[in-house]
Amino acid sequence: MGLTHTYDVVIVGAGPAGMCAALYTGRSMLKTAVLERGIPGGELLNTEKLDDWIGEKSILGWELAKKFEEHSREFGAEYVTANVTRVTRREDGMFDTVTDGDDVYRSPAVIVTAGGTPVKLGIPGEMEFSGKGVSYCAICDGAFFKQQVIVVIGGGDAAVEEADFLTRYASKVYVIHRRDEFRASRILQERLRANPKVEVLWSTVPEEIVGDGQGLMSGIVLRNVKTDAVRTLDATGCFVFVGFRPNTGIIDAHFDHDDMGYVLTDTTMQTSIKGLFAAGDLRSQLTRQVTTAVGDATTAAIGVEKYLKARAEGGHAIDPHGSGGYAV
Ligand SMILES: Cc1cc2nc3c(=O)[nH]c(=O)nc-3n(C[C@H](O)[C@H](O)[C@H](O)COP(=O)(O)OP(=O)(O)OC[C@H]3O[C@@H](n4cnc5c(N)ncnc54)[C@H](O)[C@@H]3O)c2cc1C
């Protein structure tokens, strides 16, 4: 049996959203614990460099992560290395956030910022060249592939839409799809077909990412599933869109979500579970970027502050933004 620790707010995950939420809750003098299973930074640690963080023309992912962490610690947030296994709302309205060491972090509010996990191909070379040719985010990394030949893997909406988007930068985009038709919506397919920079390789699966001997991707081994013919295609980039799973399995009760499993929130980032807030990549929204994650987190932290105030006053404060009040 582990120990029970008491906080005003517990934040699950120390990616951009978690660290930004911690800055704001700490600044609001709320006793804050940030539970992170790895090193603080989240997906920033898988991003070589960013050129879309406003105010920095180019910054390394780990460097931005370090700045976020140092800044958020300034206001008193406590970072704990722990893998959260469960977030449960008790009958008294408090939450128990339980770690795999069986420690319990008890708080009247929780912000879940556990991000999501892109589904991997699971082929040799994928991890080795991740960030060195292999990417899971077109909007983030597309600009690094100007006038280069790249491949996109997948056949759903994300793959087809992002392949079209990537032709802004790449000289040629091969779309690799294991079937002989796309699952993507017809309008996206038509747009792709009309794009002269795109060539679709049907009934084809990736087998291996290969490198140039200096650490960068230089090609991809492909197999035709009908003929079993294998060939290596020269390409310096590989964008993988075969699925993305929000890390919501730790929420131990029903919560409202969209068709893809992303968490639905109100305008204060509160989920359908009172006192449970969500921010960043696991939230249902148009796009997933560092800027949107920290925007969500700012709102969630201020939402928590107002929620706790209303709870302390008996739970009848009205949300000034009209999202239905803070009945607790
Ligand atoms: C390869 C790549 C490149 C990208 N490039 C850019 C870019 O150039 N510009 C840009 O704006 N965006 C970019 N993005 C997107 C951006 O990184 C994400 O939108 C952003 O990191 C989301 O922040 P987050 O805090 O919601 O989630 P994450 O960054 O995913 O952080 C979630 C954190 O929660 C932790 N966690 C998860 N489950 C648990 C648990 N059970 N217990 C404890 N901790 C847990 C994880 O370890 C992680 O640290 C990129 C993404 C990828 C994958």
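Values quoted throughout were computed directly from the atomic coordinates according to the rules given, and no laboratory measurement underlies them. This is a predicted model, so every value here is computed, not measured. Using ideal geometry, Cβ is built from the backbone for each residue, glycine included, and neighbour counts are taken over all protein chains shown.
Things to note:
- Sequentially through the range 213-229, phi angles give Karplus couplings (6.51, -1.76, 1.60; θ = phi - 60°) of x, 10, x, 10, 5, 10, x, 9, 8, 10, 10, 7, 6, 8, 9, 6, 5 Hz, Gly and Pro residues having no value and appearing as x.
- The range 155-205 and the range 33-105: distance between their alpha carbon centers, rounded to Å: 35 Å
- Free-standing Cys, the chain [no other Cys Cβ under 4.7 Å]: 20, 238
- Of the trypsin sites (Lys or Arg not before Pro) found in the range 213-300, those that fall in a DSSP loop while having at most 11 other beta-carbon atoms within 10 Å are 226.
- Relative contact order for the chain: 18 percent, from Cα pairs under 8 Å spaced at least 6 residues apart, divided by residue count.
- Cα-derived Rg over Rh, computed across the range 25-130 with Rh taken as Kirkwood radius: 1.04
- Alpha-carbon radius of gyration plus Dmax, which is the widest Cα pair, for the range 134-240 in Å: 13.0, 41
- Cleavage-rule hits (trypsin sites (Lys or Arg not before Pro)) in the range 41-113: DSSP loop, at most 12 neighbouring Cβ within 10 angstrom: 57, 90
- Each Cα pair under 8 Å and six or more residues apart adds its sequence gap; the mean of these over the residue count of the range 134-240 is a relative contact order of 31 percent.
- Cut-off of 10 Å, at most 16 other beta carbons, DSSP loop: longest stretch of the chain lacking such GluC sites (Glu not before Pro): 182-312
- Residues with amide H under 5 Å from that of residue 116, placed H, sequence gap 5 or more: 247
- Rounded to two decimals, the Cα radius of gyration of the chain over 2.2 N^0.38 Å is 1.10.
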